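Every number in this text was worked out from the coordinates using simple rules, so none of it is lab data. Just so we're clear, the structure is a prediction, and the values are computed from it rather than from any experiment. Neighbour counts run over all protein chains shown; Cβ positions are idealised from the backbone, glycine included.
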Amino acid sequence: MSRAEQVLKDIKTLVTNTPDVEAAAVIDNDGLMIASALSSDLDDDAVAAMGAALLGMGERAASELSRGEFEMVMIRGGEGYLMLVRAGMDAVLCVVTSRNAKLGLIFLDVNRSAKSVARLLS
């Protein structure tokens, strides 16, 4: 199994096994999609581009405000959450959740997946 297939398997497992996680994708720092388990109503290219933009803003804010190394960006909307978590130096894991998501469990599973993806991509 190739690394890309293993990354895809990891994020599909995250979406399937973590309650309230609706979609996930791994994006490189330049906004290119590495792997995605997105619902049909989400466009891969748009998710990748927005993810890279949010990653850049999050990293800059953490740096400029002396908050340490970037770890996560989280956006809460009326229909749920969007999370971006660093997956090694070259990628970010983007996760979409439902409105009533249990964030503690999701943080745990997302961080595990991000570490796994980081290992696969290194």
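Quick notes on this one:
- The chain, helix-only ellipticity at 222 nm - DSSP H runs n ≥ 4, -39,500 (n - 2.57), divided by all residues, nearest 500: -15500 deg cm²/dmol
- Under a Gaussian network description of the chain, with springs only between Cα atoms under 10 Å, the residue in Gly88, Gly78, Gly68 that fluctuates furthest is Gly78.
- Cut-off 15 Å between beta-carbons: net charge of the residues surrounding Glu71, Lys and Arg +1, Asp and Glu -1: +3
- When the stretch 3-121 is described by a simple charge dipole with +1 on each Lys and Arg Cβ and -1 on each Asp and Glu Cβ, the residue from Thr18, Gly78, Ala61 located farthest towards its positive end is Thr18.
- Distances between placed amide hydrogens fall under 5 Å for Tyr81 paired with Thr97, Ser98, all partners being 5 or more residues away or on another chain.
- Taking the chain as a Gaussian network of alpha-carbon nodes connected by springs under 10 Å, the highest mean-square fluctuation of the residues Leu82, Leu103, Leu65 belongs to Leu65.
- Residues Ser39, Ser66, Ser113, ranked from the fewest to the most other C-beta atoms within 10 Å, line up as Ser66, Ser39, Ser113.
- Cα gyration tensor category, rounded, prolate or oblate, for the stretch 63-116 with a/c compared to 1.5: oblate
- Likely footprinting exposure, Met72, Met1, fewest C-beta neighbours within 10 Å first: Met1, Met72
- Global form of the chain, assessed from the alpha-carbon gyration tensor, a/c cut-off 1.5: rounded
- Ranked for footprinting exposure by Cβ neighbours inside 10 Å, fewest first, Leu93, Leu38 give Leu38, Leu93.
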